[in-house]
Amino acid sequence: MKCSLDCIPCLLRQTLRSARFSKSSDPEGLLREVMTVLMRLSWDATPMELGFEVYRVIRERLGDPYAEAKRRSNEFALKLLPRLKEIVQFSGDPLETAVRIAIAGNVVDYGALDEFSVEETVERALKAEPGIYHFEELRRDLERAETVLYFLDNAGEVVFDRLLVETIISVLGPKRFVFVARSVPFINDVTPREVREIGLTNAPGSEVRGMKCGSLSEYRDFTRTMEEWMEEADVVISKGQGNYELLSEYKGIYFLLTVKCQVVADYLGAKVGDVVILRGRGRR
């Protein structure tokens, strides 16, 4: 998915939000530096790729401004987990319910949204008529899979991913999960350390790997390794809108997301707020 002109002011809004979130003493300096970086870059890239350069600057100036917010998000989601497990357990189709709950967790996003309610979104996701819904294809492929490559997204949301993984194993039998998380802080996305802390790698044979994204050049050097990981997996799951922006050109990936902006809605042929389960039909 190529960058839209609307993505540029969005990245600047994210920059200003990060500065204010961290109570930076020089938000103008940060904003000017990010603007300079964006002016130097080709915009013939995905929004996430441009974001890797934007957040390189943010990290250099602010460190990890969302570290405490990520911790609180994980704690909050873990408190919800027993109730969510009950919802899954007593539903007519535990796997489908767990998938929908995992998508609902995608609202925990400080990049795309200013305000969100996890509880309201879970309730809506369980009842909503999805915009794109390739769930039965996902179920079929998971039934046959031995290895699942799972691209993770946000803190808080990762607890909902844990519920989905536990449900897949419970309903369909043991699988080997390979989780991919950002190698460095990027908005409120999880890093490998945080993935281990919430117990997502407890399943036998599971592991977490880092997506190298400290800069645009680092990510592009890493893509061949990432593609090898995809080739080795029986099923590839990608969580979140950002990962969809980054990976939409790849075939066969299952994208699980909540649509959060009009640019992505138009690209998908969906509406903002839609629940989406899409089996990617990209060119690569």
Work out the FRET efficiency for Asp221 and Arg279 from their Cβ-Cβ distance, taking R0 = 30 Å, and round it to the nearest 0.05. 0.60
Using unit Cβ charges (K, R positive; D, E negative) and no other charged atoms, how large, in debye to the nearest 20, is the dipole of the stretch 126-261 about its Cα centre? 220 debye
The answer for the longest stretch of the chain without any exposed GluC sites (Glu not before Pro) (DSSP loop, at most 12 further Cβ atoms within 10 Å) is 147-284
Heavy-atom accessible area of Thr167, protein chains in place, probe 1.4 angstrom, given in Å² to nearest 10, is 10 Å²
With eigenvalues of the C-alpha gyration tensor scaled by 5 and rooted, the stretch 164-254, Å: 22, 16, 12
Kirkwood Rh (inverse of mean 1/r, distinct Cα pairs), the stretch 31-84, angstrom: 13.4 Å
Determine the distance separating the Cα centre of the stretch 68-85 from the Cα centre of the stretch 1-22; give it in Å without decimals. 26 Å
For a Förster distance of 25 Å, can you work out the FRET efficiency between the beta-carbons of Glu232 and Glu197, rounded to the nearest 0.05? 0.45
Report relative contact order for the stretch 206-266 in percent, whole number only (criteria: Cα-Cα under 8 Å, sequence separation at least 6). 24 percent
Leaving out ligands, DNA and RNA, and with a 1.4 Å probe, what % of the accessible surface on the chain is carbon or sulfur? 49 percent
At 1.4 Å probe size, with no ligands or nucleic acids counted, give the accessible surface of Phe90 in Å², nearest ten. 150 Å²
Multiply the residue separation of Asp266 and Arg144 by 0.36 nm, subtract the distance between their alpha-carbon atoms, and state the gained length in nm to one decimal. 40.6 nm
Between Phe90 and Glu120, what is the spin-label point distance in nm, taking each point 7 Å from the Cα along the Cα→C-beta axis? 2.5 nm
What order do Trp229, Trp43 take when sorted by accessible area (1.4 Å probe), most exposed first? Trp43, Trp229
Which of the residue pairs Lys85/Lys175; Lys2/Lys260; Lys212/Lys271 have a Cα-Cα distance greater than 25 Å in the structure shown? Lys212/Lys271
Read-out percent of Cα pairs over 26 Å apart, candidates [x] 39; [y] 57; [z] 43; calculated match is [x]
Candidate cut points under trypsin sites (Lys or Arg not before Pro) in the stretch 203-257, DSSP loop plus at most 11 other Cβ atoms within 10 Å of their own Cβ, are none
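The values are calculated or read from the model by the stated rules, or taken from the named source; none is laboratory data. The structure displayed is predicted, hence computed values, not measured ones. Counting neighbours? That spans all protein chains shown, and the Cβs are built from the backbone with ideal geometry, glycine included. Surface accessibility is based on the protein's heavy atoms, side chains included, excluding ligands, DNA and RNA. Shrake-Rupley method; radii C 1.70, N 1.55, O 1.52, S 1.80 Å.
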